[in-house]
Amino acid sequence: MQMRRAGTSGLTLSRLGLGSMTWGRDTDEHEAADQCRAYIDAGGNFIDTANTYGDGDSERVIGGLIGTLFSRDEVVIATKAGLSFSDGLRSVDTSRKTLISQLDKSLQRLGSDYVDIWQIHAWDQFTPLDESLAALDYAYTTGRARYVGVSNYSGWQLARAATKQQANSMKAPLVTAQNEYSLLNRDAEVEVLEAADDCGIGFLAWAPLARGVLTGKYRKGIPSDSRGAAPHFAKHIEPYLDARSSRIVEAVSIAAQGLGYSPLEVALAWVRDAPGVTSAIVGARTGAQLRGFLQSEEITLPQVVRSALDDVSL
């Protein structure tokens with residue numbers, strides 16, 4: 001698998017990352033191991049998780065794979081902190097106390113002394129940015145985090161945070177920014193990708209298949225075994241089942257048919273090779289599904305197809 005440097009840092013990541021949001025909840029340990037084995041065999045080196053995924057079970061599953069399926073220094077593990085879901089309600093708290101506490105718990109679940117990339121999961125309008133960034137500095141200088149980054153920041157938020165860190169050589173530089181990005185959601189093109197490039201930060205795209213909608217599986221309804229049928233995922237799928245999304249999915253399907261690829265491969269290749277993208281993070285329910293994702297590594301979209309998809313998805 002092709003490797004890319006994260007911004008101007010020395011960190012290299014495979015251009016497809018392995019997402020683990022469902023691990024420990026919808027994906028059991030054996031299935032997760034099968035996915036991880038297929039991913040590493042394909043040359044991948046980047047696993048993404050967060051302290052909230054499966055209430056920490058995702059990190060526990062990854063921790064169980066370290067030393068049995070791969071050595072610790074063989075894989076880049078990224079996790080996040082600052083979000084919580086109490087009684088189903090989303091809460092953001094990026095205070096120094098909360099961030100460091102959550103990092104220590106993540107390390108315990110992973111069974112590791114460090115995480116390769118530690119990211120603030122979301123912007124906190126109530127906590128001073130300097131306080132949140134100080135937690136990144138602490139993790140970085142104590143060796144708990146090899147690199148640090150942010151997730152779901154807008155363009156101005158990312159630029160402000162990056163500039164603050166760059167202004168002092170004693171502070172931890174931001175190395176990655178993670179945002180949703182797909183043919184159905186191109187919001188990252190509004191300043192975020194440009195800010196990341198200008199600040200020398202690698203961009204990580206999550207939900208590059210728009211939560212599976214771009215595979216075409218929802219063209220004729222909601223399959224009973226899909227995420228759209230799961231109560232905890234349905235609300236995230238619904239926004240991408242409107243008329244605009246359907247039009248884009250049809251265009252992807254037509255392009256795929258003409259090229260002899262699957263819609264999944266076309267949609268994923270579009271994100272993976274979009275300007276400024278370091279890695280596109282894919283999550284799968286099964287090892288077989290993941291192997292289908294990995295087939296996209298073998299294709300490159302013709303420029304005329306990419307341009308047509310650009311136009312239809314504006």
Condition met for Arg5 (touching a strand residue (DSSP E or B) at 6+ places or on another chain (Cβ under 7 Å), in contact (Cβ under 8 Å) with a residue 60 or more places away in the chain, basic (Lys, Arg) and exposed (fewer than 15 other Cβ atoms within 10 Å of the Cβ)): yes
Does any residue of the stretch 290-313 turn out to be part of a loop (DSSP other than H, G, I, E, B), polar (S, T, N, Q), within 24 Å of Gln178 (Cβ to Cβ) and touching a residue at least 40 places away in the same chain (Cβ under 8 Å)? yes
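Going through Ser101, Ser106 one at a time, which residue ends up being in a helix (DSSP H, G or I), at negative phi, crowded, with 20+ Cβ neighbours inside 10 Å and hydroxyl-bearing (Ser, Thr, Tyr)? Don't jump to the end; show me each part of the working.
Working: Ser101 fails: crowded, with 20+ Cβ neighbours inside 10 Å.
Exactly one of Ser101, Ser106 is in a helix (DSSP H, G or I), at negative phi, crowded, with 20+ Cβ neighbours inside 10 Å and hydroxyl-bearing (Ser, Thr, Tyr), namely Ser106.
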Note: among Glu250, Glu238, just one is modelled with pLDDT of 90 or more, surrounded by fewer than 23 Cβ atoms within 10 Å (Cβ to Cβ) and among the acidic types (Asp, Glu), namely Glu250
Per the filter on the stretch 81-98, residues in a strand (DSSP E or B), of a type in the set (Gly, Ala, Ser) and buried (at least 17 other Cβ atoms within 10 Å of the Cβ) are Ala81
Specify which of the listed residues (Ile201, Ile117, Ile100) is within 21 Å of Thr52 (Cβ to Cβ) and under 21 Å from the mean Cα position of the chain (by Cα). Ile117
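Out of curiosity, is Ser224 out of contact with any Gly (no Cβ under 9 Å at 6 or more places or on another chain), at pLDDT 90 or above, farther than 19 Å from Ile47 by Cβ and of a type in the set (S, T, N, Q)? So that I can check it myself, show each step before the final result.
Numbers: out of contact with any Gly (no Cβ under 9 Å at 6 or more places or on another chain): yes; at pLDDT 90 or above: no; farther than 19 Å from Ile47 by Cβ: yes; of a type in the set (S, T, N, Q): yes.
Judged against the criteria, Ser224 is not a match.
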In the stretch 131-175, which residue that is polar (S, T, N, Q) and outside any helix (DSSP H, G or I) is surrounded by the most Cβ atoms within 10 Å (Cβ to Cβ)? Ser151
Does Val92 qualify as being in contact with an Asp or Glu (Cβ under 8 Å, 6 or more places away or on another chain) and either over 17 Å from Lys171 (Cα atoms) or without any contact (Cβ under 8 Å) to a residue 12 or more places away in the chain (or both)? yes
Condition check: more than 23 Å from Leu99 (Cβ to Cβ), assigned to a loop (DSSP other than H, G, I, E, B) and among the aliphatic types (A, V, I, L, M). Does Met21 satisfy that? no
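Restricting to the stretch 192-208, count the residues that are assigned to a loop (DSSP other than H, G, I, E, B) and either farther than 19 Å from Gln166 by Cα or out of contact with any Gly (no Cβ under 7 Å at 6 or more places or on another chain) (or both).
Going residue by residue through the stretch 192-208, those that are assigned to a loop (DSSP other than H, G, I, E, B) are 199-201, 207-208.
Narrowing further to those that are either farther than 19 Å from Gln166 by Cα or out of contact with any Gly (no Cβ under 7 Å at 6 or more places or on another chain) (or both): 199, 207-208.
Selection size over the stretch 192-208: 3.
Considering only the stretch 276-288, state which residues are in contact with a helix residue (DSSP H, G or I) (Cβ under 7 Å, 6 or more places away or on another chain) and under 16 Å from Leu13 (Cα atoms). Lay out the reasoning, then the answer.
Step one: list which residues in the stretch 276-288 are in contact with a helix residue (DSSP H, G or I) (Cβ under 7 Å, 6 or more places away or on another chain), which gives 276-277, 280, 282, 284, 286-287.
Residues satisfying the conditions are Gly276, Val277, Ala280, Val282.
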When the residues of the stretch 266-311 are narrowed to those that are more than 21 Å from Gly212 (Cβ to Cβ) and in contact with a Phe, Trp or Tyr (Cβ under 7 Å, 6 or more places away or on another chain), which ends up surrounded by the most Cβ atoms within 10 Å (Cβ to Cβ)? Thr278
Name the pairs: first residue in the stretch 194-205 and under 11 Å from Ser9 (Cβ atoms) and free of Cβ contacts under 8 Å to residues at least 24 places away in the same chain, second residue of a type in the set (Val, Ile, Thr) and assigned to a loop (DSSP other than H, G, I, E, B), Cβ to Cβ under 8 Å, at least 6 apart or on different chains? none
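The values are calculated or read from the model by the stated rules, or taken from the named source; none is laboratory data. The shown structure was predicted, so the numbers you read here are calculated from the model rather than taken from an experiment. Positions of Cβ are backbone-derived with ideal geometry, glycine not excepted, and every protein chain shown enters the neighbour counts.
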